[in-house]
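Accompanying notes for the structure given below.
Computed from the coordinates by the stated procedures, all read-outs in this text should not be read as laboratory data. Keep in mind the model is a prediction, meaning the values are calculated, not measured. Note that each Cβ is placed from the backbone with ideal geometry, even for glycine, and that neighbours are counted across all protein chains shown.
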Amino acid sequence: MNDDIRILSMLLRFSQRRMVAVVEQVYAHVGSGNTVRLALARLERQGLIYSEGPSLRLTMAGLATAVAVNAGTAATVHSIVPPRPSRPRAA
């Protein structure tokens, strides 16, 4: 999973809990480094997140993207699990 998706997923979890995310929390959860800083800048430039001082929030487009990405991840995980075999029919 790339840093953009990890950041969006983390911000989605925070928004579901009605918590405000701070940049330091992103570094703690996703990792600290130049790639995370570039990912934050890229997400803000694309209009998916909004930063106000040290706090970060998802925009409506960011929320929709995060939900879609997480739904796709869940669907992928569920598609790995094989279906249960059907019971033989009684004659």
Inset, instruction - Give the Kirkwood hydrodynamic radius (Å, one decimal) of segment 3-69, defined as one over the mean of 1/r across all pairs of different Cα atoms. - result: 11.5
Inset, instruction - Kindly put VAL36, VAL67, VAL20 in sequence by how many other C-beta atoms sit within 10 Å of each C-beta, fewest to most. - result: VAL20, VAL67, VAL36
